[in-house]
Amino acid sequence: GMQPPPEQEQKQEGEGAQLCHLTRDELRTHLRASLPDWMIPARFVFVEALPLTPSGKIDRRALPVPDGDAWETGREYTAPRNPTEEMLCGIFADILGMARVGIDGDFFDLGGHSLLTIRLLSSIRKASQVDIPPRALFQYPTPKALATAIRAREEWKPSIVLPLKSGGQSDGFKAPLFCIHPVGGGAFCYRELADSLGTERMVYGIQAVGFEGETQPLTDITAMADRYVAEITALWPTGPYHLYGWSSGGVIAFEMAQQLRTADREVGLLVLADTVCPQLSEKREEPEDEAILLHLLAEVGEVEPAFFRELEDAAPENRQTRLRQRLASGSNFMDAGDVDRLVRIFRANLKAISAYRPSPTEKKIVFLSAREQIEGKVDSLESGWRGLAPQIAHHTICGNHFTMHRQPSVQEIAKILDQLLP
């Protein structure tokens with residue numbers, strides 16, 4: 001190839017040197033300004049120069065094999081400095097299936113989700129006798145931050161409110177968005193949505209009663225809505241109230257909007273995401289525990305739609321076997337007490353949904369439906385709500401029921417909400 005003129009060569013060298021001083025995090029921040037999250041590389045490898053073939057093309061085979069650890073975590077590795085950090089780094093690495101995790105490794109950035117969270121906290125409980133609620137990991141997602149909180153003997157009481165943004169309270173901000181848990185009971189599923197919305201608005205997840213402790217779950221939609229309304233009005237006394245519910249969370253959000261209006265409080269936005277109207281849902285047999293765990297795995301992105309469909313079509317006895325095989329690969333993923341609690345909450349929510357009969361509202365509903373239907377529903381889901389609301393603004397979101405709140409679909413939802421929220 002042609003040689004570049006000398007001054008250009010120097011310029012390139014200078015740029016390379018500057019790049020080497022950038023950390024991976026700075027690069028990531030820089031790219032975030034122009035790219036959606038799902039296009040940002042998880043890993044960066046710095047090389048002095050790209051190796052070329054004799055014909056001047058990039059020689060891919062000669063590129064360095066990225067070194068496991070710094071590459072794996074996409075950030076510089078910092079070793080633990082005390083026994084608490086050492087314990088946490090070890091547990092993080094074990095749960096996330098990684099060679100090692102440094103003290104600045106963010107559990108969620110490294111692929112942690114709500115079920116892994118419960119497994120992580122259970123391991124910490126066994127190793128240190130410290131009981132940490134899921135919400136606290138959200139607040140302190142790195143071994144370093146969590147170790148500090150543990151050493152400060154922070155008092156954690158079970159709570160159903162999960163702040164989905166580190167930004168503390170909403171004082172002086174716009175009215176917050178409250179996201180109501182789906183049938184699994186956790187609200188971690190809204191994390192990417194919260195990240196995609198503007199910084200000046202707090203986003204709170206509402207978790208099921210009992211999700212963070214031994215309390216018995218509620219089994220009635222009206223009682224759930226009553227409890228959640230009490231929590232959100234205490235947190236944000238002035239209103240208006242913006243409510244968002246995915247899947248069965250949409251049913252609870254609908255009832256919350258009814259109760260808020262009855263109490264003469266202003267409901268701003270009511271968003272139902274891929275929510276089946278309870279009046280239309282056919283009576284189903286009580287699911288097996290395995291089917292519930294499968295659904296929980298699907299909620300956090302651990303099960304692909306094809307497997308879900310295969311199970312829908314399988315004969316019950318084969319279904320049991322296939323489920324057990326599938327869950328056995330992750331059977332060490334939680335202790336029995338945690339599994340029991342999640343299954344109990346799931347069943348309570350299921351029971352509540354099937355018994356609930358919504359009455360008409362004067363409130364407009366924003367309805368988001370997933371473009372790919374997993375269970376082959378022919379009807380559009382929003383049609384069930386048509387007789388119950390004066391107006392339905394319907395948007396179709398790419399992805400399926402379980403992927404619509406992850407990238408890139410969640411970016412579409414955030415755009416819609418940013419336009420609709422005052």
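Things to note:
- Full extension of the chain between Arg81 and Gln139 gives 18.8 nm of extra length, using 0.36 nm per residue less the Cα-Cα distance.
- Annotation: per residue accessible area for segment 351-408 equals 48 Å², rounded to a whole number [probe 1.4 Å, protein chains only].
- On segment 341-399, 49 percent of the accessible area sits on carbon and sulfur atoms, based on a 1.4 Å probe.
- Applying the criteria of a DSSP loop state and at most 12 other Cβ atoms within 10 Å to the GluC sites (Glu not before Pro) of segment 187-245 yields Glu200, Glu214.
- Computed FRET value (nearest 0.05) for Arg309 with Glu154, which takes r as the C-beta separation and R₀ as 35 Å: 0.20
- Rounded Å value of the spacing that divides the Cα centres of segment 79-103 and segment 200-278: 37 Å
- Just the protein heavy atoms count here, and of the accessible area of segment 183-237 at 1.4 Å, carbon and sulfur take up 50 percent.
- Each of Gln407 and Asp340 was given a label point 7 Å from its Cα along the Cα-to-Cβ line. The distance between the two points is 4.0 nm.
- Loop GluC sites (Glu not before Pro), segment 242-302 (other Cβ atoms within 10 Å of the site Cβ: 10 or fewer; DSSP): Glu282, Glu285
- Based on protein heavy atoms only, segment 110-152 ends up with 37 Å² per residue of surface accessible to a 1.4 Å probe.
- Separation of the alpha carbons by more than 31 angstrom is noted, of Lys126/Lys165; Lys351/Lys415; Lys57/Lys415; Lys157/Lys364, for Lys351/Lys415; Lys57/Lys415; Lys157/Lys364.
The values are calculated or read from the model by the stated rules, or taken from the named source; none is laboratory data. Source: prediction; values computed, not measured. FYI the Cβ positions are ideal-geometry reconstructions off the backbone, even for glycines, and counts take in every protein chain you see. Just so you know, the surface numbers come from the protein's heavy atoms only, side chains and all, with ligands and any DNA or RNA stripped out. Shrake-Rupley method; radii C 1.70, N 1.55, O 1.52, S 1.80 Å.
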